[in-house]
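The structure under discussion appears below in the form of structure tokens.
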């Protein structure tokens, strides 16, 4: 794949390999590997994106480490930033960074939310619309939202 970055893309202090970046994407303080597809209206901030990764339209990804051959469905929020909760409530503009890791081969379905500090294991699947607030093991499937999450090993489905 040749490098194909749309003219409407905003790239700030970042490196993009031989990948395709579509319309109205922001890449800020990040690296994007080769053979990737970053689709319309996606924002990447403080991320490392491996090779052969697809991040579909409308995603917001911040403070994440994304392995090779990862697929992210449209309209996902993968945000490794939170705020401390003290006696007086949330601290305004005092970000706390908790890196998210998506290991090689992970799949994140459309509209999923990955909470700060979560690690998604190799070849794990996050079903569409899921809210993931705890780590997911290798080759597992997670469905639903907290407080109830069902984790099923892929080997049980085969």
Worksheet item: Looking at 35, 7, which is the one that is out of contact with any strand residue (DSSP E or B) (no Cβ under 8 Å at 6 or more places or on another chain) and under 30 Å from residue 139 (Cα atoms)?
Response: 35
Worksheet item: Taking segment 6-40, which residues are assigned to a loop (DSSP other than H, G, I, E, B), within 14 Å of the chain's Cα centre (by Cα) and more than 15 Å from residue 65 (Cβ to Cβ)?
Response: 39
Practice prompt. Evaluate segment 101-117: report whether one residue or more is under 12 Å from the mean Cα position of the chain (by Cα), under 19 Å from residue 12 (Cα atoms) and surrounded by 21 or more Cβ atoms within 10 Å (Cβ to Cβ).
Written response: no
Discussion item. List the strands (runs of 3 or more DSSP E) inside segment 49-155, counting only whole elements, that have at least 3 residues being at pLDDT below 95.
Written reply: 81-86, 89-97, 140-143, 150-153
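The values are calculated or read from the model by the stated rules, or taken from the named source; none is laboratory data. This structure is a prediction, so every number in the text was calculated from the model and none was measured. Heads up, the Cβs are rebuilt from the backbone with ideal geometry, glycines too, and the neighbour counts pull from every protein chain shown.
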